[in-house]
Amino acid sequence: MRDTDKKTARYPIMILLVLTLINFVNYFDRSLVGIMAEDIKRDLSLSDGELALSTSVAFAISYSLLALPIARFSDKGLQKHVIMASIAVWSSMTFLMGAVQNLGQLAASRFGVALGEAGILPASHSLVSAEFQMAKIARVISILWIGGFLGAASAPLIGGMAADSLGWRGAFMLMGGLSLLLLPVTFLVLRQPATRGTADTKTASREASGSWVHDVRTLLGQRTFLLLWCGSALLLAAPNANLLYAGPFLIRTFDLSPATAGAYLAVAFGAPLICGTLFGGWLFDRLRRRSLSPALIVPGISVSVGGLVAIYGWWSDDALTATVCLSVANTLFGLITAPIYATAQLLAPSNMKSTAAATFNLGMALFGATIGPLLTGYLSDAFTASTGIRSLGYGLTVTTIVTIVGAVMIIIAGSGASDDVRGAKPAPT
């Protein structure tokens, strides 16, 4: 094999590694706020509800609404440009979070972080869909998500230590500055898919449909896609609430320091999510050889069981039991990640791959990331007078029930999914 052929064969692996690294830093930066929530709340004199509104909700609204128009640029073959611009914006806004002085500035900075991160997932999924066989797409997407979960798991551990040493403001400034180092790596490694993709990929990038509204209507017109969209929106309620409030829950309920709570959360959000996601991607591709229906039904059932385990943990009497329950729940939650995004890629025409991923983000970020933190925060505020330090347990329990309802919708979607899978031919404009 010639050197040129070897480089061409290695390029998809290089793309996957770089995108996984970007996902790691992406989720690391967005998850820092969880372990620093108590310090931010105290310094800015916020309630739990205000904390959720200014961090998770501000992030979710920006992230979900902006992902769709940004995805249009990716579907036109501009994935590299979208990713580089996203890195520059989110890293700068993470740095500026260290300078906020009030509720409005905190919300604005989180809005800016979301603006930057909104383009990463659609562009990444579009690139790997062009480079890898669709028969392996769930495994490839699961690897991408490993980077994200590692980032989310590392954030409380490293962020907690950084906050103890530098304060929460210094920690944001340090991490935001380091994230900018992704720019030269992205510039040197990534290339536009139009220069290397198949004829169908090139045609699809030139033949993008008239508007993103048209594309979204086309996608949501499919029964399976619509059910997955609704179910996934609810599915994310508990995971998003856990990212923000699991740290404060351990700190308040069991009187742990930020560094100690961060170490517990690194265990709960690290290996469990990684193992669950990798196994979920492998299992989906395996089951899909026979039928798409069981490939969705099995992970839907696993999430339902994981929700029950998580609820038991929120009412346990010690930090270790709560952490173990959260770890088991995260393992079972991880089984669903690759299947829902892989199914979106399978259902989407070839000129709507980025839009399909962004449409999922619209539901998952706008509703899932909003419902979870808001319910948890405001229920915690409502029960504080009567239950004291255990008030967060009420909010986290209700949010987990919402996730179980979403899992039931995924199971229903799986019952007729096989009939809705479409080919890779671009949809008519």
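The values are calculated or read from the model by the stated rules, or taken from the named source; none is laboratory data. No experiment lies behind these values; they were computed from the predicted model shown. All Cβ positions, glycine included, derive from the backbone under ideal geometry; neighbour counts span all protein chains shown.
When the residues of segment 82-94 are filtered to those that are in contact (Cβ under 8 Å) with a residue 60 or more places away in the chain and surrounded by fewer than 21 Cβ atoms within 10 Å (Cβ to Cβ), which remaining residue is nearest to Ile15 (Cα to Cα)?
Met84
Here is a check on your reading of the model: is Ser62 without any contact (Cβ under 8 Å) to a residue 60 or more places away in the chain, within 30 Å of Val189 (Cβ to Cβ), in contact with a Lys or Arg (Cβ under 8 Å, 6 or more places away or on another chain) and assigned to a helix (DSSP H, G or I)?
Yes: the conditions hold for Ser62.
What is the residue count in segment 321-373 for residues that are outside any helix (DSSP H, G or I), in contact with a Lys or Arg (Cβ under 9 Å, 6 or more places away or on another chain) and surrounded by 23 or more Cβ atoms within 10 Å (Cβ to Cβ)?
Residues that pass the stated criteria total 1.
If you go through segment 381-390 one residue at a time, do you hit one that is over 15 Å from the mean Cα position of the chain (by Cα), of a type in the set (Lys, Arg) and more than 25 Å from Val128 (Cβ to Cβ)?
Within segment 381-390 (the criterion being over 15 Å from the mean Cα position of the chain (by Cα), of a type in the set (Lys, Arg) and more than 25 Å from Val128 (Cβ to Cβ)), the answer is yes, since at least one residue qualifies.
It is to be established whether one or more residues within segment 404-418 are of a type outside the set (A, V, I, L, M, F, W, C), at pLDDT below 90 and either in contact with a Gly (Cβ under 7 Å, 6 or more places away or on another chain) or assigned to a helix (DSSP H, G or I) (or both).
Taking every residue of segment 404-418 in turn, at least one turns out to be of a type outside the set (A, V, I, L, M, F, W, C), at pLDDT below 90 and either in contact with a Gly (Cβ under 7 Å, 6 or more places away or on another chain) or assigned to a helix (DSSP H, G or I) (or both).
Given the residues Ala138, Ala130, Ala153, Ala123, which is the only one that is in contact with a Gly (Cβ under 6 Å, 6 or more places away or on another chain), under 18 Å from Asn351 (Cα atoms), surrounded by 22 or more Cβ atoms within 10 Å (Cβ to Cβ) and touching a residue at least 60 places away in the same chain (Cβ under 8 Å)?
Only one candidate qualifies: Ala130.
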